[in-house]
1. Condition first: closer than 16 Å to residue 25 by Cα and either of a type in the set (Val, Ile, Thr) or in contact with a strand residue (DSSP E or B) (Cβ under 8 Å, 6 or more places away or on another chain) (or both). Now tell me which residues in the range 92-104 satisfy that.
2. Can you pull out every residue in the range 209-235 that is within 15 Å of residue 39 (Cβ to Cβ) and among the acidic types (Asp, Glu)?
3. Would you mind stating whether residue 197 is over 16 Å from the mean Cα position of the chain (by Cα), surrounded by 20 or more Cβ atoms within 10 Å (Cβ to Cβ) and of a type in the set (Val, Ile, Thr)?
4. Considering only the range 116-151, how many residues are assigned to a helix (DSSP H, G or I) and aromatic (Phe, Trp, Tyr)?
5. Would you please name the residue that is surrounded by the fewest Cβ atoms within 10 Å (Cβ to Cβ), looking only at residues in the range 80-111 that are without any contact (Cβ under 8 Å) to a residue 24 or more places away in the chain and among the hydrophobic types (A, V, I, L, M, F, W, C)?
6. Say whether the condition of being in contact with a helix residue (DSSP H, G or I) (Cβ under 8 Å, 6 or more places away or on another chain), under 19 Å from residue 14 (Cβ atoms) and not aromatic (Phe, Trp, Tyr) is met by at least one residue in the range 73-91.
7. Which condition number in (1) modelled with pLDDT of 95 or more; (2) more than 20 Å from residue 20 (Cβ to Cβ); (3) surrounded by 17 or more Cβ atoms within 10 Å (Cβ to Cβ) is the one that residue 224 fails?
8. Test residue 151 against the stated conditions and say whether it is under 20 Å from the mean Cα position of the chain (by Cα) and under 30 Å from residue 66 (Cβ atoms).
Amino acid sequence: MLEINEIFGPTIQGEGKLVGTPSVFIRFGKCNFNCIGFNVEYETPSGIKKCGCDTFYAVDREFKDSWTNYKSYEEIVNKVDNLTSQNLSPYKMDIVITGGEPLLYWNKVEFQKLLEHYVIQGHQVTIETNASLNLNFSHEYQKEIIFSMSVKLSNSLESLKKRVNYETLNKILNNTENSYLKFVIDKNLLAVAKDEIRTILENIPKVEVYLMPLGDTAQSINENCEEVIQMAIDYGYKYCDRLHIRVWDNKRGV
(Lines give C-alpha, C1' and ligand atoms only; values in the text may rest on other atoms or scores of the structure.)
Protein backbone atom coordinates (compact mmCIF):
# COMPACT_ATOMS: atom_id res chain seq x y z
CA MET A 1 0.00 0.00 0.00
CA LEU A 2 1.33 3.42 -1.00
CA GLU A 3 -0.07 6.27 1.09
CA ILE A 4 -0.24 9.40 -1.05
CA ASN A 5 -1.02 12.81 0.37
CA GLU A 6 -1.47 14.48 -3.01
CA ILE A 7 -0.52 14.31 -6.67
CA PHE A 8 -0.43 17.65 -8.44
CA GLY A 9 0.88 19.51 -11.47
CA PRO A 10 2.00 20.30 -14.01
CA THR A 11 3.75 23.05 -12.10
CA ILE A 12 7.36 24.08 -11.61
CA GLN A 13 10.00 22.78 -9.26
CA GLY A 14 10.34 25.50 -6.64
CA GLU A 15 13.71 24.73 -5.09
CA GLY A 16 17.02 22.94 -5.54
CA LYS A 17 19.17 22.56 -8.63
CA LEU A 18 16.18 22.06 -10.96
CA VAL A 19 14.24 25.12 -9.82
CA GLY A 20 11.84 26.34 -12.50
CA THR A 21 11.62 22.97 -14.28
CA PRO A 22 8.10 21.83 -15.32
CA SER A 23 7.20 18.96 -13.00
CA VAL A 24 4.52 16.73 -11.55
CA PHE A 25 4.71 16.09 -7.81
CA ILE A 26 3.79 12.84 -6.08
CA ARG A 27 3.68 13.60 -2.37
CA PHE A 28 3.80 10.62 -0.04
CA GLY A 29 2.33 10.64 3.44
CA LYS A 30 4.28 9.82 6.62
CA CYS A 31 7.62 11.07 7.89
CA ASN A 32 10.15 9.93 10.47
CA PHE A 33 10.66 13.56 11.62
CA ASN A 34 8.45 16.27 13.10
CA CYS A 35 10.83 19.26 12.75
CA ILE A 36 8.99 21.35 15.30
CA GLY A 37 11.91 23.78 15.22
CA PHE A 38 10.75 25.07 11.82
CA ASN A 39 7.88 26.59 13.77
CA VAL A 40 5.12 26.44 11.16
CA GLU A 41 1.92 26.69 13.18
CA TYR A 42 -1.04 24.55 12.16
CA GLU A 43 -4.18 22.94 13.51
CA THR A 44 -4.99 19.24 13.16
CA PRO A 45 -8.41 17.98 12.04
CA SER A 46 -9.18 17.24 15.70
CA GLY A 47 -8.43 20.85 16.64
CA ILE A 48 -5.01 20.40 18.24
CA LYS A 49 -2.55 23.24 17.58
CA LYS A 50 1.00 22.17 16.74
CA CYS A 51 4.25 23.36 15.14
CA GLY A 52 6.17 21.55 12.41
CA CYS A 53 7.43 21.91 8.86
CA ASP A 54 5.54 23.51 5.98
CA THR A 55 4.27 20.11 4.73
CA PHE A 56 2.70 19.18 8.06
CA TYR A 57 -0.34 17.77 6.21
CA ALA A 58 1.89 15.03 4.78
CA VAL A 59 3.84 14.48 8.00
CA ASP A 60 1.30 14.47 10.82
CA ARG A 61 -0.70 11.24 10.79
CA GLU A 62 -3.71 13.10 12.15
CA PHE A 63 -4.25 14.13 8.51
CA LYS A 64 -4.18 10.50 7.34
CA ASP A 65 -7.90 10.42 6.52
CA SER A 66 -7.20 12.91 3.72
CA TRP A 67 -4.53 10.68 2.16
CA THR A 68 -5.24 8.17 -0.62
CA ASN A 69 -4.14 4.55 -0.44
CA TYR A 70 -2.92 3.18 -3.76
CA LYS A 71 -2.58 -0.60 -4.13
CA SER A 72 -0.55 -0.47 -7.32
CA TYR A 73 1.87 1.89 -9.03
CA GLU A 74 -0.34 1.81 -12.17
CA GLU A 75 -3.04 3.74 -10.30
CA ILE A 76 -0.56 6.53 -9.60
CA VAL A 77 0.70 6.52 -13.20
CA ASN A 78 -2.89 6.84 -14.45
CA LYS A 79 -3.48 9.81 -12.16
CA VAL A 80 -0.33 11.53 -13.42
CA ASP A 81 -1.28 10.76 -17.03
CA ASN A 82 -4.63 12.45 -16.50
CA LEU A 83 -2.89 15.56 -15.18
CA THR A 84 -0.51 15.74 -18.14
CA SER A 85 -2.93 14.72 -20.90
CA GLN A 86 -3.16 18.30 -22.23
CA ASN A 87 0.62 18.56 -22.67
CA LEU A 88 1.13 18.81 -26.44
CA SER A 89 4.91 19.05 -26.22
CA PRO A 90 7.21 16.03 -26.62
CA TYR A 91 8.91 17.20 -23.42
CA LYS A 92 9.04 14.54 -20.72
CA MET A 93 7.69 16.10 -17.55
CA ASP A 94 9.95 15.78 -14.52
CA ILE A 95 8.56 13.54 -11.78
CA VAL A 96 9.22 14.66 -8.22
CA ILE A 97 8.74 12.10 -5.46
CA THR A 98 8.34 14.00 -2.23
CA GLY A 99 6.67 13.87 1.16
CA GLY A 100 6.63 13.53 4.11
CA GLU A 101 9.56 11.15 3.71
CA PRO A 102 9.30 8.98 0.58
CA LEU A 103 12.20 6.72 1.54
CA LEU A 104 9.88 5.15 4.12
CA TYR A 105 8.51 3.33 1.05
CA TRP A 106 11.86 2.45 -0.56
CA ASN A 107 11.57 -1.28 0.19
CA LYS A 108 8.02 -1.61 -1.11
CA VAL A 109 7.70 -3.37 -4.47
CA GLU A 110 5.11 -0.96 -5.87
CA PHE A 111 7.26 2.03 -4.96
CA GLN A 112 10.18 0.58 -6.88
CA LYS A 113 7.93 -0.23 -9.83
CA LEU A 114 6.83 3.41 -9.85
CA LEU A 115 10.44 4.64 -9.96
CA GLU A 116 11.42 2.10 -12.61
CA HIS A 117 8.46 3.05 -14.80
CA TYR A 118 9.35 6.73 -14.94
CA VAL A 119 13.08 6.20 -15.37
CA ILE A 120 12.53 3.74 -18.23
CA GLN A 121 10.01 6.11 -19.85
CA GLY A 122 12.68 8.81 -19.97
CA HIS A 123 11.48 11.12 -17.22
CA GLN A 124 13.93 12.80 -14.88
CA VAL A 125 12.99 11.52 -11.44
CA THR A 126 13.88 13.40 -8.26
CA ILE A 127 13.36 12.03 -4.77
CA GLU A 128 13.19 14.75 -2.13
CA THR A 129 14.40 13.17 1.10
CA ASN A 130 15.92 13.96 4.46
CA ALA A 131 18.41 11.13 3.71
CA SER A 132 18.25 9.76 7.24
CA LEU A 133 16.96 6.27 6.43
CA ASN A 134 19.00 3.27 5.32
CA LEU A 135 18.72 2.12 1.72
CA ASN A 136 20.48 -0.10 -0.81
CA PHE A 137 20.98 0.27 -4.56
CA SER A 138 20.10 -3.08 -6.09
CA HIS A 139 18.94 -1.99 -9.58
CA GLU A 140 20.54 0.15 -12.26
CA TYR A 141 17.50 2.39 -12.73
CA GLN A 142 17.88 3.54 -9.11
CA LYS A 143 21.21 5.10 -10.03
CA GLU A 144 19.49 7.37 -12.57
CA ILE A 145 17.48 9.13 -9.84
CA ILE A 146 18.44 12.53 -8.46
CA PHE A 147 18.30 12.58 -4.68
CA SER A 148 17.61 16.06 -3.39
CA MET A 149 18.88 15.55 0.15
CA SER A 150 17.50 18.07 2.60
CA VAL A 151 19.55 16.98 5.58
CA LYS A 152 18.15 18.57 8.71
CA LEU A 153 20.27 20.80 10.92
CA SER A 154 19.83 21.45 14.63
CA ASN A 155 17.28 24.20 13.93
CA SER A 156 14.83 21.36 13.16
CA LEU A 157 15.12 20.29 16.82
CA GLU A 158 15.63 16.69 15.71
CA SER A 159 18.51 14.81 17.34
CA LEU A 160 21.87 14.64 15.56
CA LYS A 161 21.93 10.83 15.71
CA LYS A 162 18.56 10.68 13.98
CA ARG A 163 18.98 13.33 11.31
CA VAL A 164 22.50 12.70 9.90
CA ASN A 165 23.08 9.25 8.40
CA TYR A 166 26.54 9.16 6.85
CA GLU A 167 26.09 5.64 5.52
CA THR A 168 23.08 6.70 3.46
CA LEU A 169 24.68 9.96 2.31
CA ASN A 170 27.74 8.07 1.08
CA LYS A 171 25.67 5.38 -0.65
CA ILE A 172 23.61 7.94 -2.52
CA LEU A 173 26.60 10.04 -3.58
CA ASN A 174 28.64 7.00 -4.63
CA ASN A 175 25.82 5.51 -6.70
CA THR A 176 24.28 8.57 -8.39
CA GLU A 177 25.77 11.41 -10.43
CA ASN A 178 23.54 14.44 -9.91
CA SER A 179 22.32 14.19 -6.33
CA TYR A 180 22.94 17.16 -4.06
CA LEU A 181 22.49 18.59 -0.57
CA LYS A 182 20.21 21.43 0.46
CA PHE A 183 19.93 23.00 3.89
CA VAL A 184 17.22 25.19 5.39
CA ILE A 185 18.97 28.10 7.11
CA ASP A 186 17.67 30.34 9.88
CA LYS A 187 19.47 33.70 9.89
CA ASN A 188 19.60 33.59 13.70
CA LEU A 189 21.62 30.37 13.66
CA LEU A 190 24.15 31.05 10.89
CA ALA A 191 27.24 30.21 12.96
CA VAL A 192 25.76 26.92 14.13
CA ALA A 193 24.68 26.00 10.61
CA LYS A 194 28.14 26.80 9.25
CA ASP A 195 29.79 24.37 11.67
CA GLU A 196 27.21 21.64 11.17
CA ILE A 197 27.46 21.78 7.37
CA ARG A 198 31.25 21.73 7.49
CA THR A 199 31.21 18.60 9.67
CA ILE A 200 28.81 16.84 7.31
CA LEU A 201 30.89 17.69 4.24
CA GLU A 202 34.05 16.38 5.89
CA ASN A 203 32.49 12.91 6.05
CA ILE A 204 31.05 12.51 2.54
CA PRO A 205 32.24 12.79 -1.10
CA LYS A 206 32.35 16.18 -2.79
CA VAL A 207 28.82 17.39 -3.52
CA GLU A 208 26.91 20.50 -4.59
CA VAL A 209 25.43 22.35 -1.61
CA TYR A 210 22.39 24.61 -1.78
CA LEU A 211 21.29 26.94 1.01
CA MET A 212 17.63 27.91 1.35
CA PRO A 213 16.12 30.51 3.69
CA LEU A 214 13.76 29.30 6.41
CA GLY A 215 10.17 30.40 5.80
CA ASP A 216 6.73 29.26 4.69
CA THR A 217 5.58 32.64 3.30
CA ALA A 218 7.17 35.16 0.96
CA GLN A 219 7.47 37.57 3.86
CA SER A 220 9.30 35.11 6.13
CA ILE A 221 11.66 34.16 3.30
CA ASN A 222 12.44 37.84 2.78
CA GLU A 223 13.36 38.10 6.45
CA ASN A 224 16.00 35.37 6.08
CA CYS A 225 17.25 35.54 2.50
CA GLU A 226 19.91 38.26 2.58
CA GLU A 227 21.89 36.64 5.39
CA VAL A 228 21.60 33.23 3.72
CA ILE A 229 22.79 34.67 0.40
CA GLN A 230 25.81 36.15 2.15
CA MET A 231 26.58 32.81 3.80
CA ALA A 232 26.51 31.13 0.37
CA ILE A 233 28.90 33.75 -0.98
CA ASP A 234 31.24 33.47 2.00
CA TYR A 235 31.56 29.68 1.87
CA GLY A 236 31.19 28.88 -1.82
CA TYR A 237 27.76 27.26 -1.58
CA LYS A 238 24.84 27.92 -3.93
CA TYR A 239 21.87 29.98 -2.83
CA CYS A 240 18.46 28.62 -3.75
CA ASP A 241 15.26 30.52 -3.16
CA ARG A 242 11.90 28.83 -2.62
CA LEU A 243 10.20 29.99 -5.80
CA HIS A 244 6.87 28.26 -5.19
CA ILE A 245 6.50 30.09 -1.88
CA ARG A 246 7.48 33.39 -3.49
CA VAL A 247 4.68 32.98 -5.99
CA TRP A 248 1.98 31.10 -4.07
CA ASP A 249 3.01 31.38 -0.38
CA ASN A 250 2.28 27.91 1.06
CA LYS A 251 -0.76 27.18 -1.10
CA ARG A 252 -1.13 23.48 -1.83
CA GLY A 253 -1.35 21.83 -5.23
CA VAL A 254 0.67 24.32 -7.26
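The values are calculated or read from the model by the stated rules, or taken from the named source; none is laboratory data. Treat the numbers as computed from the prediction; the structure is a model and nothing was measured. Reconstructed Cβ throughout: ideal geometry from the backbone, glycine too, with neighbour counts over all protein chains shown.
1. 93, 94, 95, 96, 97, 98, 99, 100, 101, 102, 103 - these are the residues of the range 92-104 that are closer than 16 Å to residue 25 by Cα and either of a type in the set (Val, Ile, Thr) or in contact with a strand residue (DSSP E or B) (Cβ under 8 Å, 6 or more places away or on another chain) (or both).
2. 216, 223
3. In short, yes.
4. 2
5. Per the criteria, the residue is 88.
6. No: the range 73-91 contains no residue that is in contact with a helix residue (DSSP H, G or I) (Cβ under 8 Å, 6 or more places away or on another chain), under 19 Å from residue 14 (Cβ atoms) and not aromatic (Phe, Trp, Tyr).
7. (1)
8. Judged against the criteria, residue 151 is a match.
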